[in-house]
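A quick write-up on the structure given underneath.
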Amino acid sequence: MSLAIVTGAARGIGQAIAARLVESGHAVLLVDLDERVHHTSTELGGHGVRADISQPAGVERIVDAVRALGVEPRVLVNNAGITRDSLLRNMDEDAFRAVVRVNLGGTYALTEAIAPLLVDDGAVVNISSRAQLGNVGQFNYGIAKGGVIGLTRAHALALAPRLRVNAVAPGFVESEMTLAMPTEARQRVVDAIPLGSPGQPLDIAEAVDWLASDAASYVTGQVLYSCGGRSFA
């Protein structure tokens, strides 16, 4: 059995990814700052660690947890991220830097730390976002997630041929945050999706599972948009 490490896994998309990887036969290490990570990991029969990927001490804690498990790591899923949305004219520097530090900086730091531990033919899957193509009110998030795509391609070249590195870019996915939106605002977003409905966490998990599997053994440096067609509409 190989190990899959999933960040931002206490709930939502990260939890769905971890659950899908368990179904595919992986042991899982769930990483999150949210204390619910321990409950979620117990539910999935995995292991959990609370850590901040944007801080060196947090990255070190994850590396220590991987080594302590004594299971060969094969998959790293960089899903952890934060938002600090506002219109550009209202955005302060702290909000800009925080989002870039976690979404881009944390993904870079953890990949650099975990990649040497991954077995040959292992896979890194980064979670970007359709927002990198432009979303009003998500200037900082869009930049960070665009940076994740650039990082994906750079790591795909740097870590080849030993590892494959790809990204999934979700669109509008049902979550605690999107379900709390005002009904009219939420419907406007859904109406703009060519497939006519929001995505589900499982949709993203299936895409990640495929990229992490042997079925995608000749795929690296690519971005898979799982957004119902919003990437071109």
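Here are a few things to note about the model shown:
- Cα→Cβ-extended label distance, 7 Å offset, between Ala57 and Glu174, nm: 4.0
- Entry note, segment 1-79: relative contact order of 36 percent, from Cα contacts under 8 Å with a spacing of 6+ residues.
- This model, with +1 at the C-beta of Lys and Arg and -1 at the C-beta of Asp and Glu, gives the chain a dipole about its Cα centre of some 460 debye.
- Shape call, segment 1-134: gyration tensor on alpha carbons, a/c limit 1.5: prolate
- Taking 0.36 nm per residue of sequence separation and removing the Cα-Cα distance, the Val22/Thr42 pair yields an extension gain of 6.0 nm.
- Cα→Cβ-extended label distance, 7 Å offset, between Glu35 and Gln187, nm: 4.0
- Residue-count net charge about Glu60 - beta-carbon cut-off 14 Å; Lys, Arg +1, Asp, Glu -1: 0
- For the chain: relative contact order, % (alpha-carbon pairs under 8 angstrom, 6 or more apart): 19
- Volume per residue of the convex hull around the Cα atoms, evaluated for segment 3-226, comes out as 119 Å³.
- Among residues other than Gly228 with Cβ under 15 Å from its Cβ, the summed charge is 0 (Lys and Arg +1, Asp and Glu -1).
- With Cα atoms, 0 to 90° folded angle of helix 139-159 axis to the chain main axis: 30
- Helix axis angle, 12-23 relative to the chain longest principal axis, alpha carbon, degrees: 40
- Distance between modelled label sites at Ser231 and Arg153, nm, 7 Å Cα→Cβ extension: 1.3
- Compared with the dominant Cα axis of the chain, that is its longest principal axis, helix 201-212 is turned about 40°.
Where a number appears in this text, it was derived from the coordinates with a stated rule and is not lab data. The structure displayed is predicted, hence computed values, not measured ones. In this analysis, Cβ positions are derived from the backbone assuming ideal geometry, glycine residues included, and neighbour counts consider all displayed protein chains.
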